[in-house]
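Worksheet: one structure, shown below.
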Amino acid sequence: MTVAGGLISEPVARARLTGPFYGTVLTLGVLSLITTGRSRWRPVAVLLPVFWIAFAAWAPSALDRAPNPIEARFELTRMWPCAALSLAALGLSRGGFAGLTGLRAGWFAGLAGSVALAVYEFTTSQHLFISARNPWRFGDGLVAVGTYINPNNFAAALVAMITGSLALAATLRSRWLLAPAWIVITAGCVTVALTQSRSGVIALALVLALEVRRRSGERLAAGPARLRDRLRALPDVARGVLWGLAAAAAVLLIVSFTLPSLAQRNPLAPAIAAQFNDETARSDSLRMDLLAAAWRYLAGSGWLGSGAGSFEPLLRSDPSPGTSKLTNLHNTFMELTSQYGVHIGALFALILAGVIAAILHPRTGLGHATRTARYEACGQLIALTAMGISASSALHVPSWWVMVAAACACAWQVSAAGASARRAARQAARQPDDPAVAGQPGVSGPGSSAEQPAGQG
């Protein structure tokens, strides 16, 4: 839903069903949260709902403080779908394996659709939602943007989708499902490069490094044969074919970037070169100047925020803005804090701190599914950070808030499983020889909701 963007929201708006649609989504999320069993509630599960309650309570004041009421109302109107979708994603997950699997399946479906859109863009040189009112602003070269219009937004959203898809693949048992899953994931990684987003590429590299770390840890825990031993066990002909294919792929990769005739046809070559040109340096300098302006406006507001949707109007009316261009803040964390006050910014920071604390606290007694959720939470934090510091404004982008909800949902499962493991350890320590302990409530077993049997890594 969040990845489809205007493909869903525009038909809903034309049918005048926006209010009922998001109202239903919000109701589902809230009902799922309040009907979750008390035994599964953990502190990290309440941080996002508390944030949205505080935001809703402060919204009238943020509207009154805004220099432009029209832009303020427009921004607040776009925030409520973000609240509805993020609370629904968190509530429907319930911090359990089944809920997270559904969320991951949604990320995977979004990734498959995004890859298909990128193929459409590169084969037709056309983009969605580009019109005279909303022209193309990203140069003459082909850049993938999907439903996001802005390549930075698209790249970060792809990283979130890839993170969820990697977690889904880690829990699949069927090798017949693993093969198409990895094909889509690989295509998604290539699509990130085709966005030419520096933040997206860096975020993807970090997520893939986490995946390598996770798989290495799983293999070490299982004690399988090393890769070298597996290769030695292959017949000589098969081993020779594998080495030959690897060498040919390496040579092809090198010449595709170094041979001029091939580099001109390599879509990744301009994407890499774009990260080191003068335009990139000017963009970085502008972002720092915009941050300085936002800080001035926050300080001038008495640290209570300059008002909803206020940064752009304040910048336009500022006789000495100190920036080379009048544009969006390009830092969602500072945008949220500067417009709505340090108290709202602190509550959002508390969400991120709570996720980090939850995934760092349990260190032993966790199964495959929960370890996967820990890495997925880290990946979602990376993706939302990438979009938060690179997008012109992710404040009203539903995907960004669903990334926040996904990180909370993963941390919720980790925290719940850790609490269950600690209860089991305490009961075992009190009654180590009592066979009835295995049937006590709260003891995590193979069929418990907090943990599922390991699937294919």
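The values are calculated or read from the model by the stated rules, or taken from the named source; none is laboratory data. Small disclaimer: the values here were computed from a predicted structure and weren't measured. No Cβ is skipped: glycine too gets one built from the backbone with ideal geometry, and neighbour counts run over all protein chains shown. Please note that ligands, DNA and RNA were not included when accessible areas were found on the heavy atoms of the full protein model with its side chains. Shrake-Rupley method; radii C 1.70, N 1.55, O 1.52, S 1.80 Å.
Under 8 Å between Cβ atoms, at least 6 apart or on separate chains: pull out the pairs that start in the range 124-145 with a residue that is closer than 25 Å to V159 by Cβ and at pLDDT below 85 and end on any residue that is hydrophobic (A, V, I, L, M, F, W, C) and not in a loop (DSSP other than H, G, I, E, B).
Going by the 8 Å Cβ cut-off, the qualifying pairs are L142/F122; L142/L194.
Has the range 50-64 got any residue that is within 24 Å of L117 (Cβ to Cβ) and either surrounded by 15 or more Cβ atoms within 10 Å (Cβ to Cβ) or not basic (K, R) (or both)?
no
Does A156 meet the test of being at pLDDT 90 or above and surrounded by 23 or more Cβ atoms within 10 Å (Cβ to Cβ)?
yes
Of everything in the range 367-396, what is farther than 15 Å from I162 by Cβ, open to solvent by less than 20 Å² (accessible area, probe 1.4 Å) and among the hydrophobic types (A, V, I, L, M, F, W, C)? Give them in sequence order.
Scanning the range 367-396 gives A369, A373, A391, A394, L395.
Let's see how each residue does on (1) among the hydroxyl-bearing types (S, T, Y); (2) modelled with pLDDT of 95 or more; (3) within 18 Å of P67 (Cα to Cα):
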| residue | (1), (2), (3) |
| --- | --- |
| P321 | no, no, yes |
| L329 | no, no, yes |
| T337 | yes, yes, yes |
| A353 | no, yes, no |
| S392 | yes, no, no |
| C408 | no, yes, no |
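Cβ-Cβ distance below 6 Å, separation of 6 or more or different chains: which pairs start in the range 373-398 with a residue that is farther than 27 Å from A170 by Cα and end on one that is aliphatic (A, V, I, L, M) and surrounded by fewer than 24 Cβ atoms within 10 Å (Cβ to Cβ)?
H396/M79
State whether one or more residues within the range 89-107 are at pLDDT 90 or above, exposed (fewer than 15 other Cβ atoms within 10 Å of the Cβ), in a helix (DSSP H, G or I) and of a type in the set (S, T, N, Q).
no
Tell me whether the range 145-154 contains one or more residues that are touching a Phe, Trp or Tyr at 6+ places or on another chain (Cβ under 9 Å), closer than 15 Å to C189 by Cα and outside any helix (DSSP H, G or I).
yes
Pull up the range 316-334, narrow it to residues that are touching a helix residue (DSSP H, G or I) at 6+ places or on another chain (Cβ under 6 Å) and in a helix (DSSP H, G or I), then point me to the one that is surrounded by the most Cβ atoms within 10 Å (Cβ to Cβ).
Only one residue tops the list, namely T332.
Table: residues versus (1) under 20 Å from L352 (Cβ atoms); (2) in contact (Cβ under 8 Å) with a residue 12 or more places away in the chain.
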position	(1), (2)
F21	no, no
L31	no, yes
R38	no, no
E75	no, yes
S93	yes, yes
F97	no, yes
L103	yes, yes
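Can you confirm whether E71 is charged (D, E, K, R), in contact with an Asp or Glu (Cβ under 8 Å, 6 or more places away or on another chain) and either open to solvent by 30 Å² or more (accessible area, probe 1.4 Å) or not in a helix (DSSP H, G or I) (or both)?
Criteria met by E71.
Going through R198, R133, R175, R137 one at a time, which residue ends up being charged (D, E, K, R), closer than 22 Å to E218 by Cβ and open to solvent by 60 Å² or more (accessible area, probe 1.4 Å)?
R175
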